[in-house]
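Peer 1: Before I ask anything, here is the structure I am working with.
No value in this document is a laboratory result; all are computed from the given coordinates. This one's a predicted model, so the numbers in the text were calculated from it and none came from an experiment. Neighbour counts run over all protein chains shown; Cβ positions are idealised from the backbone, glycine included.
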């Protein structure tokens, strides 16, 4: 899932936070699950079309009714956006995308897995190949490129290796491995030369070879062949650009892009899977040490709550080596090399995120001065607390730490409620703050300058006795009196301050959104551990339908006791799903 500061709440998505650049946008729900993925030449204009009601497709109002935020990835142009959109839809399979979730796919260039591999164009990347690269949007261009490769580096062309050499051998188009005219080792070297070209290496030599072939064809009056080679030569710049889009690796790679600005380290992380960017993260931290140590701490913080990828890439190069990364992750780490285009994509998103944060006033002194005036003390760090539960099941308190304009993920905390049964936000807030206070008093954890509660006056009244004056408290809550649901800041004395788009409001809303995301993610993970055995791996029943079932019946036991008709009545559950679920829940019970 795309996480980090490129999450724009739906209420603010029509503003300047979304860039006027090409890219891919993802409408997501509270749990950060993508509901709809699309591409655009201008992300800002396209998202505004959705929010203004200009998109009249029947499913769009339903999608917007569930969506709470928009995420985005900035890319170079429309073609790259088209490819990335296709890959992300196939990865996440969002429920409101109906066009690209089938088995259609853009073409790939691949070598078959044989003693004498065959170079093919395929739309089935899930098959087992020795090597595969793509996807590409222009199949005609790709086929012409394949023909050019085979003209310069002849390889077998028969789908099945024959017993005798065919006409292609006589024409010099095939080395005839079927009759032993080329050894497996020599053939393999030729294959590796072609792979090097596909990966963007040796293009100057390739161009020279094509030019020589063109001159030879013209001299022999083979004008059709000469024209084809001429067209390929003219397309070489475009081919080279397209073949440099992705890292060309099957394994997952986490690419860390670091920048250092005065006393702040900013980080963008792109996870590349199967040759394309699949996830994007932004975060930052105070720069209290040298750059190498700060970068090492950032990597350790990033992997505190997630598994590392197969390989890691670092920019700027040489900042962290394999030994340092291995010590952080406590396992051997392979350093990956990414093409320039991959780093350019991350740099573009990194720059936009830093610019957006600067505009939002995330570290604006005026915002902190307003908080200091409200709390009576200087505010340098803030913890925002949010309670997440579903029908009183798996109630979890999630708290995020903000300091110096950045979220500090190593100081994030989550609590599973011990003393609270059922749905009781007030008791949950009191328990969470009491447990925080124990650690603050013992000196185990640092105490923040401010504790922000996701809630209004009733939640603050529950929180004050538990905090015992250790930290100032404020609340942030939806203003239900306004038709469009504004927001307000609440003080313990009862004062209410409407929040608009000033730096303080943007900062507090961003804190609340991150705490909400963090607590919901933890709650969902806990539910998945519990309901996984209940629902099994029934096709079509994912997190959204699991949530619908629990909302309908309240508890997992009541789901188990439901009749087939009651299961079918749940929104989103088809008769086939209900039958499969009922059979799963009652198997072996006669």
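Peer 1: Which distance in nm do the two modelled labels at residue 140 and residue 173 give, with both placed 7 Å along the Cα-to-Cβ direction?
Peer 2: Output for this residue pair reads 2.1 nm.
Peer 1: How long is the gain from residue 330 to residue 20 if the chain were fully straight, where each residue apart is worth 0.36 nm and the alpha carbon distance is subtracted?
Peer 2: Computed gain between residue 330 and residue 20 is 107.4 nm.
Peer 1: Taking the Cβ of each residue in 213, 495 as the centre, tally the other Cβ atoms inside 10 Å and list the residues starting with the fewest.
Peer 2: 495, 213
Peer 1: So if R0 is 30 Å, what FRET efficiency would residue 347 and residue 321 give, r being the distance between their Cβ atoms, rounded to the nearest 0.05?
Peer 2: Efficiency, rounded to the nearest 0.05: 0.90.
Peer 1: Additional query: Over segment 253-360, what is the relative contact order in whole percent, taking alpha-carbon pairs under 8 Å and six or more residues apart? Intermediate results must be reported in sequence, preceding the final value.
Peer 2: Numbers: 153 pairs, mean separation 29.8, N = 108.
28 percent.
Peer 1: In nm, to one decimal, how far is the modelled label at residue 51 from the one at residue 561, with both set 7 Å along Cα→Cβ?
Peer 2: 4.6
Peer 1: Using packing as a proxy for protection, rank 17-24, 574-581, 513-520, 330-337 so that the peptide with the highest average count of other Cβ atoms within 10 Å comes first.
Peer 2: Answer by packing, highest mean first, reads 513-520, 17-24, 574-581, 330-337.
Peer 1: Same structure, new question: FRET efficiency for residue 418 and residue 439, Cβ-Cβ distance as r, R0 = 25 Å, nearest 0.05?
Peer 2: Numbers: r = 15 Å, r/R0 = 0.59.
The computed FRET efficiency comes out at 0.95.
Peer 1: Taking the simple approach of a point 7 Å from Cα along Cα-to-Cβ for both residue 576 and residue 181, what is their distance in nm?
Peer 2: For the pair residue 576/residue 181, the computed spacing is 5.2 nm.
Peer 1: Sorted from fewest to most neighbouring beta carbons within 10 Å, what does the list 315, 439 look like?
Peer 2: Numbers: 315 18, 439 13.
Ordered by Cβ neighbours within 10 Å, fewest first: 439, 315.
Peer 1: Kindly list the residues of segment 72-87 that lie in the label zone of residue 59, defined by a backbone N under 19 Å from the point 7 Å along the Cα-to-C-beta vector.
Peer 2: Residues passing the 19 Å test: 82-87.
Peer 1: Please give the contour-minus-distance gain from residue 233 to residue 497: 0.36 nm per residue of separation, less the Cα-Cα distance, rounded to one decimal in nm.
Peer 2: Numbers: separation 264, 0.36 × 264 = 95.04 nm, distance 6.53 nm.
The residue 233-residue 497 span can extend by a further 88.5 nm.
Peer 1: Okay, next question. Using the beta-carbon distance between residue 114 and residue 215 and R0 = 22 Å, what value does 1/(1 + (r/R0)^6) give for FRET efficiency, to the nearest 0.05?
Peer 2: Given R0 = 22 Å and the Cβ-Cβ separation, E is 0.05.
Peer 1: Right, next: Which translational diffusion coefficient, to the nearest whole µm²/s, is obtained for segment 8-92 from the Stokes-Einstein equation, given a Kirkwood hydrodynamic radius over C-alpha pairs, 10 °C and 1.306 mPa s?
Peer 2: D, rounded to a whole number, is 125 µm²/s.
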